[in-house]
Amino acid sequence: MLEKHLDSLMDREQAELDAALMSAMETAKAEAPVKTGRLRESIHAEVTRQGDVIRGVLTSDAPYAAHVEYGLGGGFMYRAVRLLKTPHLWV
């Protein structure tokens, strides 16, 4: 009985996370700048459940998505982030 109740609760939580991510995805697509439409098309959301862990991910697989999101257009911040991500460049 308790197991069935917990499964029902997890199903509701997963549905709520899915609805929240879909809303966030629609907002991200609406606010994404458009030149070719590739960035908007590449934004997607996914909710997965493994046991009692529900995980939601909103992502884009456009290679320049991080540049648009974080403004890393090759200036100081871009170089700083690149340096932090590649320790072999540390001097």
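Numbers below:
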quantity: Pairwise centroid distance, computed over Cα atoms, of region 1-25 with region 38-52, Å; calculated: 15
quantity: Note, ³J(HN,Hα) from phi for region 35-52, Karplus 6.51, -1.76, 1.60, rounded to Hz, x at Gly and Pro; calculated: 10, 10, x, 4, 4, 4, 5, 8, 7, 8, 10, 8, 10, 10, 9, 10, x, 9
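We did not get these values from a lab; they are worked out from the coordinates using the rules stated. Source: prediction; values computed, not measured.
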